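The values are calculated or read from the model by the stated rules, or taken from the named source; none is laboratory data. Being a predicted model, the structure only gives us computed values, none of them experimental. Cβ placement follows ideal geometry from the backbone for every residue including glycine, while neighbour counts extend to all protein chains displayed. We work out accessible area using only protein heavy atoms, side chains counted, and drop any ligands, DNA or RNA first. Shrake-Rupley method; radii C 1.70, N 1.55, O 1.52, S 1.80 Å.
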Amino acid sequence: MIDRKREGLRCSLKNSTLLPNGETLRRGAKGTIIAEYNNLDRDLIYVLWDNEITSMMFPDDLEVFSEEER
């Protein structure tokens, strides 16, 4: 299932993460939510990072800002 209710909200990475392509996103990296997915009972958030990389993240790895914090 694809959910776009939070599309466009800004988010920040809670901890540094190694991506499948070998790049590292540092703690505090900022991005924009594109969509949220539920796959096999796992929630994932698709993010476009400010450095133009896209990745799927678990919700616990992100801090999502409210509309006012954008």
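Residues of the range 1-31 being within 13 Å of the chain's Cα centre (by Cα), of a type in the set (S, T, Y) and assigned to a strand (DSSP E or B), which ones?
S12, T17
Mind listing whichever residues of the range 32-61 are open to solvent by less than 40 Å² (accessible area, probe 1.4 Å) and either farther than 16 Å from K5 by Cα or in a loop (DSSP other than H, G, I, E, B) (or both)?
If the condition is that a residue be open to solvent by less than 40 Å² (accessible area, probe 1.4 Å) and either farther than 16 Å from K5 by Cα or in a loop (DSSP other than H, G, I, E, B) (or both), then W49, I53, S55, M57 are the ones that fit.
Could you list, in sequence order, all residues of the range 1-25 that are at pLDDT 95 or above and open to solvent by 50 Å² or more (accessible area, probe 1.4 Å)?
Those that are at pLDDT 95 or above and open to solvent by 50 Å² or more (accessible area, probe 1.4 Å): R10, K14, N15, S16.
State which residue pairs qualify: first residue modelled with pLDDT of 95 or more and inside the range 54-70, second residue surrounded by fewer than 10 Cβ atoms within 10 Å (Cβ to Cβ) in any location, beta carbons under 7 Å apart, and separation of 6 or more residues or different chains.
As it stands, the answer is none, since no pair meets every condition given.
State the number of residues belonging to the range 28-70 that are of a type in the set (G, A, S) and within 11 Å of G8 (Cα to Cα).
3
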